[in-house]
Amino acid sequence: MTPAFRGGANVAMKLPKARFEETVAFYRDTLGMDVEEETGTGIDGVVSRCASLQLGPVKLWLDQVDNLARADLWLELFTDDVPHARRHLAARGIHTQDELEAFAPDMEAHWITNPAGIVHLVRAPRDDE
């Protein structure tokens, strides 16, 4: 049986250090959107700074990643059975890449990439999602 997948409410734009400030300014100053500077969001030395904004029902995370050469977009998928989803994806040649970024200790999730190389977070939704 195929596990059910659905889109999550988070999208992360991974940005090179040299593009972070101007990208935040684009959303805040050029488009006039409410951008929140996030504090304490560094993730195991991968994300050094972070800001976020709402794009309708989607929260866009602007993550500064100091060793990136180009911007990248990461998407979120929800599934109610993460282990079943991992097995289903692996059987179709899509293997986890959990070395991409660490998870919170209580998070049941995996990183995968689609055939075009776009990173997806596959995780169980919390009760409020």
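Only Cα pairs within less than 10 Å get springs; with that Gaussian network setup on the chain, which residue of Arg92, Arg49, Arg70 has the largest fluctuation? Highest fluctuation among the options: Arg92. Look at the alpha carbon pairs under 8 Å that are at least 6 residues apart: their mean separation over the length of the stretch 60-116 gives a relative contact order of 26 percent. In the chain, the inverse of the mean reciprocal separation of distinct Cα atoms equals 15.7 Å; this is its Kirkwood hydrodynamic radius.
With the contact rule set at Cα under 8 Å and sequence spacing of 6 or more, what percent relative contact order holds for the chain?
Relative contact order of the chain: 28 percent.
When a/c is below 1.5 the answer is rounded, else prolate if a/b is larger than b/c, else oblate, so apply that to the stretch 1-75 with a ≥ b ≥ c taken from the square roots of the Cα gyration tensor eigenvalues. Note, shape of the stretch 1-75 comes out oblate.
Ranking Arg123, Arg6 by solvent-accessible area of protein heavy atoms (1.4 Å probe, all protein chains present), from largest to smallest, gives Arg6, Arg123.
Where Lys and Arg each count +1 and Asp and Glu each count -1, what net charge lies around Leu60 among other residues with Cβ under 13 Å from its Cβ? Net local charge, Leu60 excluded: -2. Surface analysis of the chain yields an accessible area of 60 Å² per residue, using protein heavy atoms and a 1.4 Å probe. Spin-label model, Leu55 to Thr2: label points 7 Å out along the Cα-to-beta-carbon direction sit 2.6 nm apart. The stretch between Glu99 and Glu129 holds 8.3 nm of extra length on full extension. This uses 0.36 nm per residue minus the Cα-Cα distance. Amide H contacts for Ala124 (H built 1.01 Å from N in the peptide plane; partners 5 or more residues away or on another chain; cut-off under 5 Å): Thr79, Glu108.
For the stretch 67-129, the carbon plus sulfur part of the accessible surface works out to 52%, probe radius 1.4 Å. Beta-bridge orientation, the stretch 1-108: approximately 70 percent antiparallel, per DSSP, counting only bridges with both partners inside.
Near Ala69, once Lys and Arg are set to +1 and Asp and Glu to -1 for all other residues with Cβ below 12 Å from its Cβ, the sum equals +2. Residues whose amide H falls under 5 Å from that of Asn10, counting only those 5 or more places apart or on a different chain, are Lys59, Glu76, with hydrogens built in the peptide plane. Relative to the Cα centre, the charge distribution of the chain, modelled as +1 at Lys and Arg Cβ and -1 at Asp and Glu Cβ, gives a dipole magnitude of about 560 debye.
Between the alpha-carbon centres of the stretch 97-122 and the stretch 1-67 there is a gap of 16 Å.
The values are calculated or read from the model by the stated rules, or taken from the named source; none is laboratory data. Treat the numbers as computed from the prediction; the structure is a model and nothing was measured. Quick reminder, even Gly has a Cβ in these numbers, built from the backbone with ideal geometry, and neighbours come from all protein chains shown. Accessible surface is based on the protein model in full, side chains and every heavy atom, while ligands, DNA and RNA are left aside. Shrake-Rupley method; radii C 1.70, N 1.55, O 1.52, S 1.80 Å.
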